[in-house]
Amino acid sequence: MVNGYQPAQAAALDRDCMTLSRHVLQQLQSFGPEAQDLSALMNRIALAGKLIARRLTHAGLMEDALGFTGRTNVQGEDVKRMDVFANDVFISVFKQSGLVCRLASEEMEKPYYIPENCPVGRYTLLYDPIDGSSNVDINLNVGSIFAIRQQTGDDVDQSAADLLQDGHEQIAAGYILYGPSTVLVYSMGYGVHAFTLDPSLGEFILSSENIRIPEHGPTYSVNEGNFWQWEDSIRDFIRYVHRHDGYSARYSGALVGDFHRILMQGGVFLYPGTVKKPEGKLRLLYETAPLAYLAEQAGGRASTGTQPILQVVPDKLHARTPLVIGSSDDVALVESFISERQREAEAELAASQS
Ligand SMILES: O=C(COP(=O)(O)O)[C@@H](O)[C@H](O)[C@H](O)COP(=O)(O)O
Ligand SMILES: [Mg+2]
Ligand SMILES: [Mg+2]
């Protein structure tokens with residue numbers, strides 16, 4: 001018995017007290033101003049997650065929550081009402097917060113500036129407000145992806161050129177998965193941790209600490225509908241898994257959901273380039289780089305197929321990269337098929353020139 005409580009009660013209380021903001025301070029081992037800012041920043045992201053989760057929960061009962069807006073975004077994709085709502089939620093929670101100077105999102109051609117925050121909070125939030133939008137109208141899992149970067153320079157011309165740096169510049173990254181429960185996963189460079197939203201408390205409570213991706217897992221996750229648009233090397237890999245025992249295909253149509261499975265259970269997610277889109281579909285700054293940061297923090301890997309995602313320097317805000325992410329052995333296996341085909345192509349070229 002501890003202070004009048006039974007051990008089980010004390011353990012449950014301890015668990016319920018490990019909120020996200022407390023965890024961030026514990027991770028940074030500081031109560032200094034920077035740690036307080038990052039803790040508050042994560043708390044605002046969590047608030048955005050709660051607001052989006054609440055709307056998703058009731059969306060089917062609301063007049064104007066589901067469906068398309070009739071507009072296309074900077075990527076040329078049809079925008080859904082939930083994309084707009086979630087994009088605006090992130091902006092609202094950071095207005096007058098003193099925490100974030102700029103927000104850059106999939107849904108906005110240019111960053112959204114909050115100059116009144118800049119003297120204090122020189123951070124930029126990069127985010128994909130709703131990932132897996134095609135799932136929204138059919139009540140399947142979707143997510144939000146985020147990364148935090150420190151602003152370098154004053155960005156006086158509002159070109160956001162300082163954001164065009166590699167993924168090692170991220171100081172935190174994570175996602176919120178809106179599934180049967182709402183789960184927030186984040187890393188600040190000290191491992192990967194998951195928090196589950198307890199609706200009765202309205203708080204994200206620590207549910208898995210120091211998550212490690214198994215070195216190999218059974219899942220391969222890819223849209224095989226693109227089979228004939230891929231390079232031969234990707235088809236080689238898919239044929240390999242078809243011919244070997246122990247693999248299962250899992251693909252939910254939302255990167256966050258598919259990555260979450262792989263983070264917890266191992267395996268590999270691929271979104272390779274296609275003939276139509278050689279760089280693939282996924283955007284670096286607010287999709288592939290944040291998830292790569294998490295994968296590496298959890299002992300896994302993330303690659304374009306030929307280069308670590310975290311080394312890729314984007315040439316523009318909405319730049320895309322191919323993605324191979326997950327268990328280290330499985331990512332290496334995909335890379336080996338790619339390098340094999342490259343060697344063959346180089347040998348053929350050399351032979352034709354000799
Ligand atoms: O890029 C994604 C969606 O992002 P978005 O909803 O546009 O933020 C991914 O979640 C993909 O939608 C997902 O991997 C499925 O892609 P497809 O196989 O349908 O192309
Ligand atoms: Mg997305
Ligand atoms: Mg999106």
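The lone criterion from (1) modelled with pLDDT under 95; (2) more than 16 Å from ligand 1 (Cβ to nearest atom); (3) of a type in the set (Gly, Ala, Ser) left unmet by SER134 is number (2). Show the residue pairs meeting these rules: Cβ distance below 6 Å; 6+ apart or different chains; first residue within the stretch 317-330 and more than 19 Å from PRO278 (Cβ to Cβ) and part of a strand (DSSP E or B); second residue open to solvent by 10 Å² or more (accessible area, probe 1.4 Å) and of a type in the set (Ser, Thr, Tyr). Between residues of the stretch 317-330 that are more than 19 Å from PRO278 (Cβ to Cβ) and part of a strand (DSSP E or B) and residues that are open to solvent by 10 Å² or more (accessible area, probe 1.4 Å) and of a type in the set (Ser, Thr, Tyr), there is no close pair. Restricting the first member to the stretch 223-242 and to residues that are farther than 21 Å from LEU255 by Cα, and the second to residues that are in a helix (DSSP H, G or I), the beta-carbon pairs closer than 6 Å and six or more apart or on different chains are ASP232/ARG341; SER233/PHE337; SER233/ILE338; SER233/ARG341; ASP236/PHE337. Kindly establish whether ARG15 is surrounded by fewer than 14 Cβ atoms within 10 Å (Cβ to Cβ), touching a strand residue (DSSP E or B) at 6+ places or on another chain (Cβ under 9 Å) and touching a residue at least 40 places away in the same chain (Cβ under 8 Å). When the stated conditions are applied, ARG15 passes them.
Residue by residue, here is whether (1) on the phi < 0 side of the Ramachandran plot; (2) out of contact with any helix residue (DSSP H, G or I) (no Cβ under 8 Å at 6 or more places or on another chain) holds:
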residue	(1), (2)
VAL222	yes, no
PHE237	yes, no
LEU255	yes, no
GLN265	yes, yes
VAL268	yes, no
LYS277	yes, yes
GLY280	no, yes
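Taken together, the residues in the stretch 247-271 that are more than 12 Å from ligand 1 (Cβ to nearest atom), in contact (Cβ under 8 Å) with a residue 60 or more places away in the chain, hydrophobic (A, V, I, L, M, F, W, C) and surrounded by fewer than 24 Cβ atoms within 10 Å (Cβ to Cβ) amount to 0. Checked across the stretch 46-68, the condition of being within 14 Å of ligand 1 (Cβ to nearest atom) and open to solvent by 60 Å² or more (accessible area, probe 1.4 Å) holds for at least one residue.
I'd like the residue in the stretch 103-150 that is basic (Lys, Arg) and in a loop (DSSP other than H, G, I, E, B) and, out of all such residues, is least open to solvent (accessible area, probe 1.4 Å). So the residue we want is ARG122.
A search for C-beta distances below 6 Å between a residue of the stretch 124-146 that is in contact (Cβ under 8 Å) with a residue 12 or more places away in the chain and at positive phi and any residue that is within 11 Å of ligand 3 (Cβ to nearest atom) and assigned to a strand (DSSP E or B), counting only pairs 6+ apart in sequence or on different chains, returns GLY132/VAL142. Of the residues making up the stretch 76-89, those that are open to solvent by 30 Å² or more (accessible area, probe 1.4 Å) and either touching a residue at least 24 places away in the same chain (Cβ under 8 Å) or farther than 30 Å from ILE205 by Cα (or both) number 4. The number of residues in the stretch 272-313 being closer than 18 Å to GLY132 by Cβ and either among the acidic types (Asp, Glu) or open to solvent by 30 Å² or more (accessible area, probe 1.4 Å) (or both) comes to 3. Taken over the stretch 169-223, the criterion of being of a type in the set (S, T, N, Q) and under 16 Å from MET42 (Cα atoms) is satisfied by GLN170, THR182, SER187, THR196.
The values are calculated or read from the model by the stated rules, or taken from the named source; none is laboratory data. Computed from a predicted model, the values in this text were never measured in an experiment. Cβ coordinates were reconstructed from backbone atoms using ideal geometry, including for glycine residues, and neighbour counts include every protein chain displayed. Calculation scope for accessible area: heavy atoms of the full protein, side chains included, ligands and nucleic acids excluded. Shrake-Rupley method; radii C 1.70, N 1.55, O 1.52, S 1.80 Å.
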